[in-house]
Amino acid sequence: MRCLSILASVHAVLIAGMPTMPRGQAVRTCLLASATLGEVVHQGLPKLSKASTIDELAAKQSLAQKVVVSGATGWIGGKLARELSEDGLPVTGVSRRETKIDGVESLQLDLSSTESMYKGFSQNKFDVAVHMAGTLGKCTLQQAVDINIAGTRRFVQAALDAGCKKIVVASSVATMGTQAPMYPPKKLPLAADAQFQGAPWPYAYSKDAVEQLIDFMSKEEGNEDVDFIIVRIGNVVEVSPEVRHFDGLDDDGKPISWPVEPARKASKPFTKDSPQPFPEAELCSIALSDQVDCLKAAVEADHKSGVRTVACVAPTAYAVHSVPDIIRSMYGDEAASKIDMSHYSKRGRERDPLYDLSAAKKELGWEPKVDLLDYAPKHCFDGSC
């Protein structure tokens, strides 16, 4: 303990004595001095003999990337901003309302106003931007275009102009654009960047358009070295005290939420006269903690120029019955016969995720941890759900 105290004291003295030295150089010098002193005063400690180890430590402490998060007054965006701040990153929350999170700076801007967005960003410099703001699933086409598409363009361009070299954009698993029975998926599990199937649902259309917009912006002059990461957000739920989804605030500022029970076979298929957009919603559920961890992994991921797309769902489909049985019951035999679900035919894969999660593991080192079936109401498995 005395050794650690000495090291801490030396570190403080060194930092205080180098007011004009660049921060990265100062941290590296301190680490080198601390490591050398540690070897002298405590031979029992592992020696920091590899320069690469010291470089890694110095880099981690000196980078301190400044992060800006839109939608920081929202459910997911707020939790993300809070956790990034608790991890030691300087975080600024952007929203129309004041961001009231300890340790997070507030920047009140209107996503629908180009003037507001550029004026707010012109006085700030950021390294990473995370775009979480947007409309809800029940939006009109006009709202989807004005807020999701045009709003994304304004925020991302302002972030780029503010110096961001990494842009994380929240899309949605609903980008698949399915509708039972006319617009089924072609193959399950879906690829992380699975194409829009064409359902006339404004929200899904706008998220697909956002992904195309990001791809276009990545190719614009000056953006060739920017790291764009599209994260398809799952049907996010809390698991305690029950599995529950939150979908923003009502006009009185009260949370809009409802319990989410596991997917099960439909009593009869949907019809052309009574279609159902994105009937796979429950199958795409994910715990809030897992979703935020994925977004944090995107913020912290090594830089890679271009566009990467990952999808987020639970490690096991939140379902009472097998995925193929549920899909057939919703789309009907004729439409379901055109969907390649051969993956699920192997024993043990009946409830595999609806999305392929390998891209998130490869690009971000992220995998979901929470099996939502562990929190599902017991009565759902005895036929009374």
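The values are calculated or read from the model by the stated rules, or taken from the named source; none is laboratory data. It should be emphasised that the depicted structure is a prediction, and the values quoted were computed from it without experimental measurement. With ideal geometry, Cβ positions are generated from the backbone for all residues, glycine too; neighbour counts draw on all protein chains shown. Just so you know, the surface numbers come from the protein's heavy atoms only, side chains and all, with ligands and any DNA or RNA stripped out. Shrake-Rupley method; radii C 1.70, N 1.55, O 1.52, S 1.80 Å.
Summary of values
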item	result
Within segment 55-70, tally of residues that are at pLDDT below 95 and either crowded, with 19+ Cβ neighbours inside 10 Å or not small (Gly, Ala, Ser) (or both)	8
Among the candidates GLU282, GLU363, residue that is open to solvent by 30 Å² or more (accessible area, probe 1.4 Å) and touching a Phe, Trp or Tyr at 6+ places or on another chain (Cβ under 8 Å)	GLU282
Test for VAL313: is it β-branched (Val, Ile, Thr), open to solvent by 30 Å² or more (accessible area, probe 1.4 Å) and under 26 Å from the mean Cα position of the chain (by Cα)	no
Of all residues making up segment 312-341, the number that are over 30 Å from HIS379 (Cα atoms) and assigned to a strand (DSSP E or B)	1
Pairs with Cβ under 8 Å, 6+ apart, first in segment 96-109 and on the phi > 0 side of the Ramachandran plot, second open to solvent by less than 30 Å² (accessible area, probe 1.4 Å)	GLY103/SER85; GLY103/VAL91
Whichever residue in segment 366-385 is open to solvent by less than 70 Å² (accessible area, probe 1.4 Å) and under 17 Å from the mean Cα position of the chain (by Cα) and, among such residues, is farthest from LEU295 (Cα to Cα)	VAL370
Residue under evaluation LYS265, criteria (1) modelled with pLDDT of 95 or more; (2) open to solvent by less than 60 Å² (accessible area, probe 1.4 Å), criterion not met	(2)
Residue tally, condition part of a loop (DSSP other than H, G, I, E, B) and either among the small types (Gly, Ala, Ser) or open to solvent by less than 10 Å² (accessible area, probe 1.4 Å) (or both), over segment 123-164	7
Number of positions in segment 233-272 that are at positive phi and part of a loop (DSSP other than H, G, I, E, B)	1
SER358 vs. criteria small (Gly, Ala, Ser), more than 20 Å from GLY77 (Cα to Cα) and at pLDDT below 95	no
Matching residues in segment 250-262 - criterion: being under 23 Å from ASP371 (Cα atoms), loosely packed, with under 14 Cβ neighbours inside 10 Å and out of contact with any Pro (no Cβ under 9 Å at 6 or more places or on another chain)	TRP258
Scope segment 190-210; condition closer than 19 Å to GLU282 by Cα and open to solvent by 30 Å² or more (accessible area, probe 1.4 Å); matching residues	ALA191, PHE196, GLN197, TRP201, TYR203
Near pairs, Cβ below 8 angstrom, 6+ apart or cross-chain, from segment 312-339 (within 29 Å of VAL292 (Cβ to Cβ)) to any residue that is at pLDDT below 95 and part of a helix (DSSP H, G or I)	VAL320/CYS380; VAL320/PHE381
